[in-house]
1. Does Gln121 fit the bill of being in contact (Cβ under 8 Å) with a residue 12 or more places away in the chain and more than 17 Å from Ala60 (Cα to Cα)?
Amino acid sequence: MLPPRAALFDSEHSSTLKNLGQRALSPGFNLEFGCHKSTARQVGMAWSAQADRKPDDATALMGASADEEDAIEKLPVTPGPIVPAREQLGYLFLEQNRPGPALKEFETALANAPGRRGALQGAAHAAAELSGQK
């Protein structure tokens, strides 16, 4: 799971996210087995944009990555992404204190990959924030 919202923008986490984004742009780097490199790069760039406090850019990049990944036909015998971009978009929305859109993305992620623990936890967290329980 991602660090708490406040911790995301401290220098250590910001540096880590920026490094991930830069590594994702390097030739031959692929974040996830079985996933198009452009999708993996967009995910890295999205988290880098979030670390740079550019939430609109981060959302646009992660949304495009999630849409692209959703369009990739996955055969039953091939592995899927380690953490689907749609699920990461949900966590990105949580980081931006937007639990409504986060819940929608987690629900979509669960429709695509039922029972994923990360998506279930994210959906529960978003639902709790929406109800004011945090």
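None of the figures in this text is laboratory data; all of them are computed from the coordinates on show. Just so it is clear, the model here is predicted, and its values are computed rather than measured. Heads up, the Cβs are rebuilt from the backbone with ideal geometry, glycines too, and the neighbour counts pull from every protein chain shown.
1. yes
The rows are residues; the columns are (1) buried (at least 20 other Cβ atoms within 10 Å of the Cβ); (2) over 22 Å from Lys37 (Cα atoms); (3) touching a Leu at 6+ places or on another chain (Cβ under 8 Å).
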residue	(1), (2), (3)
Ala85	yes, no, no
Gln88	yes, no, no
Arg98	no, yes, no
Ala102	yes, yes, yes
